[in-house]
1. Antiparallel DSSP bridges in the chain: what percent, to the nearest 5?
2. Would you mind checking LYS157/LYS293; LYS108/LYS293; LYS281/LYS301; LYS255/LYS301 for any pair whose Cα atoms are more than 24 angstrom apart?
3. So how much slack lies between ASP22 and GLU146, counting 0.36 nm per residue of separation and subtracting their Cα-Cα distance, in nm?
4. Just add up the charged neighbours of ALA278: K/R +1, D/E -1, any other residue whose Cβ is under 11 Å from the Cβ of ALA278.
5. To the nearest 10 square angstrom, how much accessible area does TYR297 have with a 1.4 angstrom probe?
6. Pop the C-beta distance of GLU241 and ALA137 into the FRET formula with R0 = 22 Å and round what comes out to the nearest 0.05.
7. At 7 Å along Cα-to-Cβ for each site, give me the label-to-label distance between ALA114 and ASN213 in nm.
8. 7 Å from Cα along Cα→Cβ at both ALA195 and GLU124: what's the point-to-point distance in nm?
Amino acid sequence: MQRIGIIAEYNPFHNGHALQIDTLRSRGAEGVVVVMSGNYAQRGTPAVFSKFTRARAALACGADLVAELPVPWAAAGADRFAEGGVWLLAALGCDSICFGAEEADLAKLTRLAALLEDPAFDAELQRRHTAGGGSLAALRAALVGELEPGAAALLAKPNNTLGIAYLRAIRRLGLPLGAIALPRTGAQHDAPLPAGGRIASASALRGQLLAGNLQQIAPYLPPAAYDLFCRDAAAGALLSEQAFSTSLLTVLRSKTTEEFARLPGAGGEGLPFLLARAAAKAGSANELYDLLKSKRYTHAKLRRLALAAYLGLPGDLPRLPPYLRLLGGTPQGLAQLAGARGS
């Protein structure tokens, strides 16, 4: 085991993230390289703290290098998010990617990734979606259940789903990356703050941070990360949901339907008109998302579409990140970078 890569958001960095890095070190990793979302997260909202603070937290807690996943990939669906992340890990010279999973059976996950990458599977999935059978996620799970009994349960867990997306992206791009699946420990994805234990879900920690309850989350964060976050919070460098809500609606109301139609993934499905109507009616970002909600599109997809409009992302983006931006590194990590592919 040499240089191991992690794709993360660290929104915020917590004990579960530190445990992953410590586990890799205990297994002989000589370098831990992180490709991390920048100031915007995959759920289509700003990160709680800046990318620089989150990178410092990761470096203080065991990472060697932290590079930025640019926003068109960071705030995208799982496939695009995964492709951008594994592409940059390979460019940084990583030998393998490590991810957490509810079902950390790499053989099972790899078989399912191969099934999902089968052209015949994709053709049937697109046929059912065009026929109006529901969301792509629901249709994909149903089709997997038909072809591989029992495997659909793997897609019901968010960490499994993202891990499979990484495996698919590695296969699709032909990258020389191995994979390590670690069992997710502690609170499950989006679970409330636990009464015991030291690992909480990132969503529960964000909720406490945005409510100003920094002391309450101290047991769930490494001390070095907690100190950095407290410093930013004291300086007012913490996400204000109200400020973002006002800014988002102000920008969206200045856009035309034609501009919405040019957004990544918005064309030809009525989404530009839906977004224009919702932006005109909504009184807050959350109300906007509720007005956009439909059976055909996930809440996350619609939040990402609104963010793309807010940021002015073009629809003709390249498939893969055309550059690599380093956010920080330790002396050891920077020395390792000299031997990375593409450097």
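1. 20 percent
2. Violating the 24 Å Cα-Cα cut-off are LYS108/LYS293.
3. Full-extension gain reported as 40.7 nm.
4. +2
5. 20 Å²
6. In this case the efficiency is close to 0.25.
7. It works out to 4.7 nm between the two label points.
8. Reported label-point gap for ALA195 and GLU124 is 4.6 nm.
The values are calculated or read from the model by the stated rules, or taken from the named source; none is laboratory data. This one's a predicted model, so the numbers in the text were calculated from it and none came from an experiment. Methodologically, a virtual Cβ is constructed for each residue, glycine included, from the backbone with ideal geometry; neighbour enumeration extends over all protein chains shown. What goes into the accessible areas is simple: the full protein's heavy atoms, side chains included, and nothing from ligands, DNA or RNA. Shrake-Rupley method; radii C 1.70, N 1.55, O 1.52, S 1.80 Å.
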